[in-house]
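Note sheet for the following structure.
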């Protein structure tokens with residue numbers, strides 16, 4: 001067979017496979033997003049969907065030109081499929097006005113004239129730019145300094161570290177951001193897997209960022225309790241056989257820091273920061289707590305509990321927390337547990353026992369466990385009669401890992417009822433961890449635009 005014919009057949013095969021994958025993506029994102037494959041695809045979808053337009057158009061053109069030429073019926077089907085995939089791919093981008101309108105309305109209501117007169121010289125000029133999505137955001141390493149793996153606490157068994165981002169030029173002290181990584185409480189670390197792009201960007205804006213470790217729940221025990229079988233076995237085997245991967249992903253391997261311990265360790269960092277603020281040019285009168293996913297759960301507890309007597313002695317009183325930044329946060333972990341247990345989270349019913357073990361060492365009564373769930377849930381802490389700093393929540397409305405309606409929107413509604421200063425930025429057609437994959441996506445741009453303004457407005 002002529003080699004040109006072989007190449008043509010290969011190109012046609014690739015084109016058909018591409019469209020088939022596109023149809024699969026469509027169903028996973030818009031129909032089956034409660035399943036584990038759907039959840040995983042939705043996490044990356046909003047970050048890559050705009051680029052997929054070209055991936056769909058080119059193979060459709062190839063099929064129409066070289067295989068279905070003259071076959072009107074099948075050609076119309078291919079055109080229809082291509083049109084559906086293209087339209088759904090641009091939804092995250094073309095729906096940005098709704099996210100922007102909602103955020104603008106809330107900022108104007110909360111800050112009024114201060115927001116409209118804010119000096120935005122060094123900030124993003126607009127919430128979303130399609131040019132920026134393809135060209136990227138310029139973050140010059142010459143504008144910042146990064147120091148990695150600095151010790152802040154040693155408990156005798158483990159040493160905890162942080163990475164430090166600071167402006168290269170200028171005079172400190174600078175407002176400080178304590179950045180808490182995510183990872184389902186038993187995975188994750190400071191550094192590359194905690195959105196370094198944002199840490200660098202915001203440091204260049206005149207902040208010092210402390211990207212901290214805080215200890216992890218025992219991944220081995222969690223996997224055994226959850227009975228995750230093949231997935232857990234593969235993950236655990238990789239961690240055992242690849243120590244470099246283990247150090248990056250599970251720095252406190254085979255240790256068990258429960259949620260109470262994790263919050264206490266973050267408290268140790270607040271003490272370290274208070275004692276070393278001059279060395280790190282940190283303005284401890286302007287401190288912000290930030291986190292993503294499980295890290296946002298921690299940030300919510302720390303931020304909403306900082307001035308709460310329930311955490312007396314845990315956090316350093318010399319720090320003044322000006323604001324809290326929560327990306328896709330679990331704000332009510334009792335509801336998270338209940339959703340896992342009854343299967344309404346779809347992919348997670350087997351995780352419920354492991355999740356309960358993150359709080360309960362096995363000695364708690366049901367009543368005690370209920371109290372712990374509430375103590376370590378921002379949705380309950382904001383209802384207590386104590387000072388709570390202003391909060392901004394960023395959440396994708398297709399999130400099925402930390403459900404948007406229940407955790408992000410639900411928290412915002414409670415904050416409104418309690419007359420707390422809270423802003424909710426809803427990212428349309430975005431799943432969990434939407435900003436991790438692509439630092440140019442609509443969600444990354446919109447969230448960064450409003451977060452940098454929130455920070456600037458709250459600095460005193």
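Among the numbered conditions (1) surrounded by fewer than 19 Cβ atoms within 10 Å (Cβ to Cβ); (2) within 20 Å of residue 452 (Cβ to Cβ), the only one that residue 321 does not meet is (1). Which of the residues that make up segment 252-283 are modelled with pLDDT under 70 and crowded, with 20+ Cβ neighbours inside 10 Å? Across segment 252-283, the qualifying residue is only 252.
Looking at segment 387-397 only, could you name the residues that are touching a helix residue (DSSP H, G or I) at 6+ places or on another chain (Cβ under 7 Å) and either without any contact (Cβ under 8 Å) to a residue 40 or more places away in the chain or surrounded by fewer than 23 Cβ atoms within 10 Å (Cβ to Cβ) (or both)? Correct list: 389, 390, 397.
Looking at residue 170, is it without any contact (Cβ under 8 Å) to a residue 60 or more places away in the chain, under 23 Å from residue 446 (Cα atoms), out of contact with any helix residue (DSSP H, G or I) (no Cβ under 6 Å at 6 or more places or on another chain) and loosely packed, with under 11 Cβ neighbours inside 10 Å? It is false that residue 170 is without any contact (Cβ under 8 Å) to a residue 60 or more places away in the chain, under 23 Å from residue 446 (Cα atoms), out of contact with any helix residue (DSSP H, G or I) (no Cβ under 6 Å at 6 or more places or on another chain) and loosely packed, with under 11 Cβ neighbours inside 10 Å.
Results for (1) under 20 Å from the mean Cα position of the chain (by Cα); (2) under 30 Å from residue 124 (Cβ atoms); (3) at pLDDT 85 or above, shown as yes or no for each residue.
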| residue | (1), (2), (3) |
| --- | --- |
| 354 | no, no, no |
| 359 | no, no, no |
| 405 | yes, yes, yes |
| 417 | no, no, yes |
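Anything in segment 436-460 that is surrounded by 21 or more Cβ atoms within 10 Å (Cβ to Cβ) and under 22 Å from residue 378 (Cα atoms)? List them, or say none. Result: 447, 450, 451, 454, 455. Residue 126 passes every criterion in (1) over 15 Å from residue 428 (Cβ atoms); (2) without any contact (Cβ under 8 Å) to a residue 24 or more places away in the chain; (3) in the same structural domain as residue 390 (by TED's automatic domain parsing) apart from (2). Restricting the search to helices (runs of 4 or more DSSP H) fully inside segment 67-179 and requiring at least 2 residues that are in contact with a strand residue (DSSP E or B) (Cβ under 9 Å, 6 or more places away or on another chain) gives 96-111. Remark: pairs (first residue in segment 98-109, within 15 Å of residue 454 (Cβ to Cβ); second residue exposed (fewer than 13 other Cβ atoms within 10 Å of the Cβ); Cβ separation under 8 Å; 6+ apart in sequence or on different chains) = 108/116.
The values are calculated or read from the model by the stated rules, or taken from the named source; none is laboratory data. Keep in mind it's a predicted model, so treat the numbers as computed, not measured. Note that each Cβ is placed from the backbone with ideal geometry, even for glycine, and that neighbours are counted across all protein chains shown.
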